[in-house]
Every structure is written in C-alpha cells, then in structure tokens.
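Nothing in this text is a laboratory measurement; each read-out follows from the coordinates by a stated rule. Small disclaimer: the values here were computed from a predicted structure and weren't measured. Cβ placement follows ideal geometry from the backbone for every residue including glycine, while neighbour counts extend to all protein chains displayed.
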Amino acid sequence: YFTEDEKARIEAVGPAVLAGTPEARAAMPEAARLAIRAIANKGHKPIDGAAMDLFPNLRVIAQFGVGYDAIDVAAATARGITVTNTPDVLNEDVADLALAMMLAWSREIVKGDGWVRNGTWASGKELPLNRKMSGATVGIAGMGRIGRAIADRCAAFGMEVHYTSRRAKDTPEGWTYHGEDVVALAKAVEWMVVAVVGGEKTRGYLSRAAIDALGPRGVVINIARGTCLDEEALIEALEAGRIAGAGLDVFYNEPHVDARLIALPNVLLQPHQASSTVETRRAMSIAQCANLKAYFDGEPFPSAVN
Ligand code: 8YV
C-alpha cells in the first residue's frame with residue numbers, strides 16, 4: 001500500500017485515483033478508465049495484458065521497486081506501454097538486510113534476545129556456541145548491482161567470494177566466477193545468497209540440485225524473489241538436515257509463508273522488508289514519480305525497462 005507521503009508525491013504529478021485491486025479497476029466508469037494514462041504500481045500483484053486493456057489510453061506503468069516481475073512486460077510492450085522501475089536506490093538496504101540475516105542466523109541473535117528477555121540467561125544457562133561467519137565462503141547467485149553490494153560487504157567480513165552471472169564481472173582479485181553453473185557455485189561455498197532478478201527466466205534458479213550440493217553446512221539467504229529458488233526442495237533439504245539453515249525475506253506465496261518453514265527452528269524469516277527503510281522508500285517514491293513526471297512532460301524516462 002502507498003503511504004500518505006507516497007500518495008501525495010504521486011498526486012503532485014497529476015490527479016490520481018486509488019484502484020489497487022482488479023475489482024476496483026473493473027468497477028471504474030468507462031470515462032474514468034479512458035482518462036487513465038499512467039499507473040503507479042506498488043507491490044507484487046500481477047498486472048497482465050487484460051488488466052492493461054481496461055485502460056485504452058494507458059502509456060506508462062511505473063513500478064515502485066526494482067523488481068518488475070509482477071508486470072507482464074511483453075504485454076506492455078505490445079500495447080506501446082512503457083514500464084519503469086526504481087533501480088539502484090535500494091541496493092545498499094537490500095545488501096544490508098542480506099548481511100543482517102547472515103549475522104543474525106550465524107550468531108543466533110533472535111534466540112539470544114529471547115534468552116535475555118525470558119530469563120533463561122539469568123537462570124544461569126549459557127547460549128550454546130554458534131557459528132562463525134567472518135572468513136567463510138559465500139556464493140552470490142546473480143552478480144548484478146544488488147549482488148555486488150552484498151559481495152562487497154561479504155568481502156569486508158573476510159569472506160571468500162564466489163559467484164554466478166551471465167557474464168564475468170570486473171571484480172577484486174580472488175573472486176571466483178562459476179559461469180551460470182549454480183551447482184558448481186553451491187559445491188564451492190557454505191553460504192549461498194540469491195540475488196538474481198525475478199521473473200520466469202529465473203524461476204527455480206537455485207535448483208534442487210544446487211540446494212543439495214550446498215551440503216550440511218550450507219545456509220541459503222534469499223532477498224530476491226520467492227520464485228528464484230525451488231522452495232519445495234529447500235523445505236525438504238531443511239527438514240532432512242541436508243543443509244544447515246536459511247534466512248528468507250521472500251517467499252512463493254507472500255504474505256502467506258509455508259507452515260513448514262514457520263515450524264523450522266533453523267530458518268530466519270523476514271516479511272519482505274529489504275528495501276523498507278524510511279530513507280530508501282522515500283528515494284524509491286521519488287524515483288517512481290520522476291518516471292511518471294517524465295512521461296507527462298514528454299521527457300526521456302529515467303529508468304524504463306522496455
Ligand atoms: C518492493 C521489492 O518494491 O524493489 C523490489 O523489487 O521487492 C521491494 O522493494 C516493495 O516491497 C514494495 O512493493
């Protein structure tokens with residue numbers, strides 16, 4: 001949902017109506033639908049060709065977020081509609097959350113907090129020893145802009161960086177490129193961070209074979225999209241102890257998380273909050289509105305994806 005500030009920023013570009021559901025859009029009178037030139041979208045509910053066809057004069061869909069997998073870009077292109085996103089401004093926050101989950105998982109931060117609050121520590125017990133993260137091996141599945149921000153942070157923790165990507169990147173010496181072979185990547189590392197773009201092309205990118213190749217010390221971190229890994233295979237591997245754990249900010253069926261994941265103690269769960277800082281959400285809102293304004297002013301889009 002758009003916040004009041006975000007709505008005000010959109011309304012400063014032009015008059016706007018709130019129609020966040022397919023039902024609300026279909027219920028709009030025809031004259032109102034004909035007047036719509038742009039959609040400011042937020043969240044991950046699909047916008048397909050039929051949704052676009054409700055608005056014959058639609059020319060731009062401005063997504064609030066870097067990921068635009070919810071929007072059928074081919075359908076938009078076929079209709080002469082430009083899709084825009086908000087890249088870059090959220091790289092640091094997403095990378096921060098990836099490292100926060102890695103540190104929280106390895107050092108049992110959530111459990112430790114509970115022990116202090118519920119008196120377990122005061123009763124004389126000591127938290128069982130946990131696991132060192134600094135200096136370990138890490139695989140970055142997808143070395144785009146967010147992947148790079150994660151890798152830089154991991155390097156600062158003395159971690160040995162491995163990655164997959166469509167092309168080898170210009171990286172500091174010592175980082176190992178595994179082509180697009182995510183199984184080879186998994187064999188080389190203990191930590192696996194999924195940072196590929198969402199969408200059909202990356203569905204199940206971290207495959208069953210890759211998850212199993214991680215081995216019993218393997219920990220999967222996902223800040224990309226639920227679809228970027230085989231969630232069923234992940235759950236089975238976690239339940240069987242074939243891998244050590246996971247830290248997940250994204251899921252197949254958000255906001256409804258598979259009950260088996262919720263039952264697992266070795267999984268750290270977050271409510272898709274990687275970009276959710278005041279600072280970054282403001283920057284994303286400004287970037288979304290800059291794209292909307294560019295359309296109405298007849299200027300080039302700052303960040304079009306098609
Ligand atoms: C969402 C995200 O934009 O940028 C992305 O791709 O997943 C998030 O930042 C946010 O959840 C609002 O839809």
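Applying the criterion of being within 16 Å of the ligand (Cβ to nearest atom) and assigned to a loop (DSSP other than H, G, I, E, B) to the residues of region 81-125, the residue that is nearest to the chain's Cα centre (by Cα) is 90. Restricting region 1-39 to residues that are touching a Cys at 6+ places or on another chain (Cβ under 8 Å) and within 16 Å of the ligand (Cβ to nearest atom) leaves a set whose member that is nearest to residue 77 (Cα to Cα) is 10. Residues in region 72-90 that are crowded, with 17+ Cβ neighbours inside 10 Å and either among the small types (Gly, Ala, Ser) or under 18 Å from residue 192 (Cα atoms) (or both): 75, 76.
Confirm whether residue 283 is assigned to a helix (DSSP H, G or I) and crowded, with 22+ Cβ neighbours inside 10 Å.
On the way: assigned to a helix (DSSP H, G or I): yes; crowded, with 22+ Cβ neighbours inside 10 Å: no.
No, not satisfied.
Taking residue 209, is it at negative phi, of a type in the set (A, V, I, L, M, F, W, C), assigned to a loop (DSSP other than H, G, I, E, B) and exposed (fewer than 15 other Cβ atoms within 10 Å of the Cβ)? No. Restricting attention to region 265-278, the residues being more than 13 Å from the ligand (Cβ to nearest atom) and either touching a residue at least 40 places away in the same chain (Cβ under 8 Å) or surrounded by fewer than 16 Cβ atoms within 10 Å (Cβ to Cβ) (or both) number 5.
Hey, can you tell me all the residues within region 46-66 that are within 16 Å of the ligand (Cβ to nearest atom) and either in contact with a Pro (Cβ under 8 Å, 6 or more places away or on another chain) or among the hydroxyl-bearing types (Ser, Thr, Tyr) (or both)?
66
If you go through region 115-122 one residue at a time, do you hit one that is in contact (Cβ under 8 Å) with a residue 24 or more places away in the chain and of a type outside the set (Val, Ile, Thr)? Taking every residue of region 115-122 in turn, none turns out to be in contact (Cβ under 8 Å) with a residue 24 or more places away in the chain and of a type outside the set (Val, Ile, Thr).
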